[in-house]
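The values are calculated or read from the model by the stated rules, or taken from the named source; none is laboratory data. Treat the numbers as computed from the prediction; the structure is a model and nothing was measured. Note that each Cβ is placed from the backbone with ideal geometry, even for glycine, and that neighbours are counted across all protein chains shown.
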Amino acid sequence: MSFSAGPGGVTVLDQVNGRLVRFGPDGRPLEPIPVTQQAPQDVLVTADGTTLVMDRLRDKSVAVLKDGRVINDLPLEGRGIEEGGAVTGVFVDGKDVYVEREHGSLVRIGDTDGQADPERPEIPGRPSRDGKSYLLAGIVDPSAGRAFVNSVDKATREHRFTRELRLGLPILALVLLDSDLSGTIYLGALLQRGENSSPLVRVVCLAPAEGTPTGTADLSANTGPEETFRDLVVLDGGGVLYAQRGERGVSYVTAHCQ
């Protein structure tokens, strides 16, 4: 499962039924859009309403949709990406479409008009939404709960900062790295609380210029067997939207760092 949120509402990738389920800004359901790919895993709706759907295992492409219709498929494999299964997400920077290689560098595969890029240049991290940085994160010591966030200046490609974070509990995985339109950085980690306790998701907010932590938000982790690709998204105006799954289905919860 994956979902995307923006001014037009929320779009959810329903892999089982091969469709995009959409909800407007008021929460009302909109007409679903069929998905043509065999094994889609990630979805992203851009600021101009273009929808990107990634299949890294079967079709090994990113489908570009305008007004619910596929206008082209951008191949994943090529220069910089030897195997589609190594891709860990799809991202945009303006009209540029990038895919991430093993949680590291990003490769430009085309644009939101569906034009593939034969040159496939790379950038050193995920583009921040304020247009100023490239972001990268990783785990330093999982058992000690130590992670880092690295920022590179977009204009000069010079290093801005590397901030180590001590999250207080063992890290099972990093589940979020993004920013809002103001540049505030959000790092999400799945943390182990103990043998008899379910994990939790901790979101840490960082100041954009120097990476100083400004607050945290804790969320109950999803523990079901469903495979998910993106359970958390950062909202343009700040805060995160979390797809929380329970016995009655999925609910979407907004959280802010405190």
Taking Pro40 and the conditions (1) farther than 15 Å from Val233 by Cα; (2) in a strand (DSSP E or B); (3) in contact with a Leu (Cβ under 7 Å, 6 or more places away or on another chain), which numbered condition does it fall short on, given that it satisfies the others?
(2)
Please list, ordered by first then second residue, the pairs with beta carbon atoms under 6 Å, 6 or more apart or interchain, first in the range 206-226 and among the charged types (D, E, K, R), second at pLDDT 95 or above.
Glu210/Phe161; Asp218/Leu200; Asp218/Arg202
Of everything in the range 1-46, what is among the acidic types (Asp, Glu) and surrounded by 13 or more Cβ atoms within 10 Å (Cβ to Cβ)? Give them in sequence order.
Asp14, Asp42
Taking the range 47-71, which residues are more than 19 Å from Gly18 (Cβ to Cβ) and either among the small types (Gly, Ala, Ser) or surrounded by 17 or more Cβ atoms within 10 Å (Cβ to Cβ) (or both)?
Ala47, Gly49, Thr50
Selection from the range 1-30 of residues that are part of a strand (DSSP E or B) and free of Cβ contacts under 8 Å to residues at least 12 places away in the same chain
Val21, Pro29
Residues of the range 115-158 being touching a residue at least 40 places away in the same chain (Cβ under 8 Å), under 21 Å from the mean Cα position of the chain (by Cα), part of a loop (DSSP other than H, G, I, E, B) and buried (at least 19 other Cβ atoms within 10 Å of the Cβ), which ones?
Ser128, Arg129
Mind checking whether some residue in the range 250-257 is of a type in the set (A, V, I, L, M, F, W, C), surrounded by 11 or more Cβ atoms within 10 Å (Cβ to Cβ) and within 23 Å of Phe91 (Cα to Cα)?
yes
Looking only at the range 179-227, filter to residues that are surrounded by fewer than 20 Cβ atoms within 10 Å (Cβ to Cβ) and charged (D, E, K, R); which one of those is farthest from the chain's Cα centre (by Cα)?
Glu195
